[in-house]
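Structure, as structure tokens:
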Amino acid sequence: MKKEERLRREGMAYALRVAKEKGIEALESDMKARGILELPLAMKSYDGMRELYNMLAMRIVSTIKTTTLWTLYDKYGWRKKRIGDFEKELNRVCADCLELDRFGGSYVKVSDYAAELKETCDVDLNFEILSQIDEENTKARGQYISVEAVAEILRNAGLDEVADEIIRKVEENR
């Protein structure tokens, strides 16, 4: 059997296994992720894909950060203090994009920044792709809500005992 045919069969078997175990939606999601990142089929676990995605994202961020800082250094004469201040602020802005509010939502998204820059500075940062990335990151991260927020909602509904029990259970398991 030719190598190409063997690889095709392995791919089909992998797709069938994912569809049976996790459903068609999971297969579609997997195919979409692999199409975007061009991941090999040998990468079988979601954790492995996430690890590879994070590694690629860090490389991209490092490359963009380096070229940005170099531009400020080389073309605008920025030196240690201004470069350091800018880098610190850039890191804060990036952290803000990862920060979640107590209901598991993002305070700000990269697409929010892109929309503002497009509107005020006429800089096109491919808003559609950034929005898609924001949406995919939200799905991958899942929806989280702080226990304190849940307890507050329960107390406001007059369910103090339930709120206290949830808090007690969480503290017990820490």
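The table below lists the values:
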item: Where a residue in region 1-30 is touching a residue at least 12 places away in the same chain (Cβ under 8 Å) and its partner, wherever it lies, is small (G, A, S) and open to solvent by less than 100 Å² (accessible area, probe 1.4 Å), with Cβ under 8 Å and at least six apart; result: V18/A26; L27/A15; L27/A19
item: Residue match in region 76-83 (condition: open to solvent by 70 Å² or more (accessible area, probe 1.4 Å), modelled with pLDDT under 80 and more than 22 Å from L125 (Cα to Cα)); result: no
item: Test: Y46 is at pLDDT 75 or above and among the aromatic types (F, W, Y); result: no
item: Search result, residues across region 55-75 that are open to solvent by 80 Å² or more (accessible area, probe 1.4 Å), under 21 Å from C97 (Cβ atoms) and not hydroxyl-bearing (S, T, Y); result: M58, R59, I60, I64
item: Pair list, Cβ < 6 Å and 6+ apart or interchain, from region 82-96 residues that are on the phi < 0 side of the Ramachandran plot to residues that are among the hydrophobic types (A, V, I, L, M, F, W, C) and open to solvent by less than 70 Å² (accessible area, probe 1.4 Å); result: I83/L69; D96/V108
item: Residue within region 95-118 that is in a helix (DSSP H, G or I), surrounded by fewer than 11 Cβ atoms within 10 Å (Cβ to Cβ) and at pLDDT 80 or above present; result: yes
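The values are calculated or read from the model by the stated rules, or taken from the named source; none is laboratory data. Model, not experiment: these values are computed from the prediction. All Cβ positions, even for glycine, are placed from backbone atoms using ideal geometry, and neighbour counts span all protein chains on display. The accessibility values were calculated without ligands, DNA or RNA, using every heavy atom of the protein model including side chains. Shrake-Rupley method; radii C 1.70, N 1.55, O 1.52, S 1.80 Å.
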